[in-house]
Amino acid sequence: MKFAIYLAILALGALWALPLYVLVIGALKPLSEVLTTPVFMPSLNVDLATLSKVAGELAPVLLNTTIVVIPTALGATLIGALGAYALWRATTKLKDVLLILVAVSTYLPYQSAVVPLARFMTQIGLFDTLYGIALGLLIFYIPFATLMMLIFITALPRTVVEAAEVDGAGEFAIFTKTVLPLLGPAFASTATYLTINGWNNFFIPLVLSRTYNNHITLKVFSYVGQSGNLYNEMFSAALIASLPPLLLFIALGRYFIRGLLVLGSGGK
């Protein structure tokens, strides 16, 4: 039984790694080999010139994307934690209504808000700017972060908050000094997920930009030519763009999994 489980995990891992393998060997092939050899065949003459050229072109865009995505993910997670705490502590009859609105907002498709979002960014002067993309991502990510943090926060023992109240702490002090430190794994999990999601997001940067230089997904898309494709450059761009979220997950994956374990254990 264990052998079958390990074999299944190995097979799934191989399927997951297959696209990355194709990207790597495709990025290292000269264009002549990309066009004439099977996609799974390694290069006979490794070519680093194209990879270096594309890396230089992507460098400023990678910086722009990092500037947008990381603060947006952290900000959305923090605001979501504040909203989750407010809903957790609320005693009003409107609490259930607010929860429903947050849940509905989480599943709101981007397409339903694309026109008003673009017009709004144009009116406030943020269209085709990094600030506009960051604000657009923030608008869509706050409801998800609130819902995720609410799921985690409900696993916390209320006795901790009650003890802080007895000591005379206010709501803000309770949140910052008591609740937020206990939400470390949850905060890391949510922020990591939103960072990766924001990095890979294509639709929001597309509708809020005129150029390809505001987000990495747009820049990768720009390598798709209308009259022809330089496939080795496309492979190189896709490989370079995929490495940051992959490395981020490898570095923070244990915190992400720890947060899921905390959620699964119900805070025990």
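The values are calculated or read from the model by the stated rules, or taken from the named source; none is laboratory data. Everything numeric here is computed off the predicted structure, so don't read it as measured data. As a convention, Cβ positions derive from the backbone with ideal geometry for all residues, glycine included, and neighbour counts pool all protein chains shown.
Is there a residue in region 21-36 that is assigned to a helix (DSSP H, G or I), hydrophobic (A, V, I, L, M, F, W, C), under 23 Å from the mean Cα position of the chain (by Cα) and not assigned by TED's automatic domain parsing to the domain that holds Asp128? Walk me through it before giving the result.
We begin by selecting, within region 21-36, every residue assigned to a helix (DSSP H, G or I); these are 21-27, 31-36.
Adding the requirement that they be hydrophobic (A, V, I, L, M, F, W, C) leaves 22-25, 27, 31, 34-35.
In the following step, the residues that additionally are under 23 Å from the mean Cα position of the chain (by Cα) were identified as 23-24.
Okay, now just the ones that are also not assigned by TED's automatic domain parsing to the domain that holds Asp128, so 23-24.
Checked region 21-36: at least one residue is assigned to a helix (DSSP H, G or I), hydrophobic (A, V, I, L, M, F, W, C), under 23 Å from the mean Cα position of the chain (by Cα) and not assigned by TED's automatic domain parsing to the domain that holds Asp128.
Residue-level check: of (1) in a helix (DSSP H, G or I); (2) farther than 30 Å from Thr190 by Cβ; (3) touching a Lys or Arg at 6+ places or on another chain (Cβ under 8 Å), Leu58 misses just (2).
One residue stands out in region 92-141 among those that are loosely packed, with under 12 Cβ neighbours inside 10 Å and small (Gly, Ala, Ser): the one that is modelled with the highest pLDDT, namely Gly125.
Taking the criterion of being among the charged types (D, E, K, R) and in contact (Cβ under 8 Å) with a residue 12 or more places away in the chain, the only residue of region 82-126 that qualifies is Arg89.
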